[in-house]
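S.K.: Attaching a single structure in structure tokens format; questions to follow.
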Amino acid sequence: MMKVAVGTKNKAKVQVVKAVVTQFYGASIEALAVASDVSEQPMTNEETRQGAINRAKHALCEGNADLGFGLEGGVTLIDGQLYICNWVALATPQRIYTAAGAQLPLPPIVADAVLAGEELGPVMERYAQQKDVRQNQGAIGIFTDGLVTRQQMFEHILLLVIGQYRYQ
């Protein structure tokens, strides 16, 4: 049986890895609290991607796994507009695979708070008047009126990295 480690304890992210990976592999999946080695609130696509890569590498090593996954959400500034961005990395002992997901503009009230130094998760909790937004539907779920959940968004990106891995 394949051993898979995911570099987070975030229940939404762990659940999506379990759901997607078990479609393709008989695997035991371990959730590990690992460092992203980037800012608590990644502020660029590059930093968010690096956080996913770092989590995947740490999960692979610390979990003594066959595959390590890292999922990272962040924000990125494009033409003066702050967007959410999401990256997934899959680490094997030989290679790293990465893919990005949906990007959606944040309303000014949310963007201003994040640009002032707050993390998106707590800002979204205040904005949506909900607890644990990042553990559940995420900003994408709120700003798409539930049409695209955080889980669905990460499912898509996980399929992209697993597809690359299978292709190789």
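The values are calculated or read from the model by the stated rules, or taken from the named source; none is laboratory data. Keep in mind it's a predicted model, so treat the numbers as computed, not measured. As a convention, Cβ positions derive from the backbone with ideal geometry for all residues, glycine included, and neighbour counts pool all protein chains shown. We work out accessible area using only protein heavy atoms, side chains counted, and drop any ligands, DNA or RNA first. Shrake-Rupley method; radii C 1.70, N 1.55, O 1.52, S 1.80 Å.
S.K.: Report the residue, chosen from 22, 48, 98, that carries the largest GNM mean-square fluctuation when the chain is represented by alpha-carbon nodes joined by springs under 10 Å.
M.R.: Comparing 22, 48, 98 in the GNM, the peak value goes to 22.
S.K.: Then there's this: With label points built 7 Å along Cα→Cβ from the Cα atoms of residue 159 and residue 109, find their separation and express it in nm.
M.R.: 3.4
S.K.: Of all DSSP beta bridges located in region 1-135, what percent are antiparallel, nearest 5?
M.R.: Of the beta bridges lying entirely in region 1-135, close to 70 percent run antiparallel.
S.K.: Go through 136, 84, 1 and say which Cα lies farthest out towards the positive end of the charge dipole of the chain; charges sit on Cβ, +1 for Lys and Arg, -1 for Asp and Glu.
M.R.: Positive-end residue among those listed: 1.
S.K.: Moving on to the next point. Using the crude model of +1 on Lys and Arg Cβ and -1 on Asp and Glu Cβ, and no other charge, please compute the dipole size for the chain relative to its Cα centre, in debye to 20.
M.R.: The calculation lands at about 600 debye.
S.K.: With a point put 7 Å past each Cα toward its Cβ, work out how far residue 28 is from residue 64 in nm, to one decimal.
M.R.: Here the answer is 1.0 nm between the modelled labels.
S.K.: Within the chain, what whole-number % of the accessible surface is contributed by carbon and sulfur, with the 1.4 Å probe and all protein chains included in the calculation? Display every interim value, and only then the final one.
M.R.: Values: 3970 of 8220 Å².
Exposed carbon and sulfur together represent 48 percent of the surface.
S.K.: Taking the Cα atoms of the chain alone, what are Rg (to one decimal) and Dmax (as a whole number) in Å?
M.R.: 15.3, 48
S.K.: Can you give the Rg to Rh ratio of region 1-99, both from alpha-carbon atoms, with Rh computed by the Kirkwood formula?
M.R.: 1.00
S.K.: Additional query: For region 38-88, what number results from the quotient of the Cα radius of gyration and 2.2 N^0.38 Å?
M.R.: Details: Rg = 12.3 Å, N = 51, 2.2 N^0.38 = 9.8 Å.
Relative to the 2.2 N^0.38 Å estimate, region 38-88 comes out at 1.25.
S.K.: How far, in nm, would the chain grow between residue 15 and residue 136 when pulled straight, counting 0.36 nm per residue and subtracting the alpha carbon separation?
M.R.: Going from the current span to full extension adds 42.5 nm.
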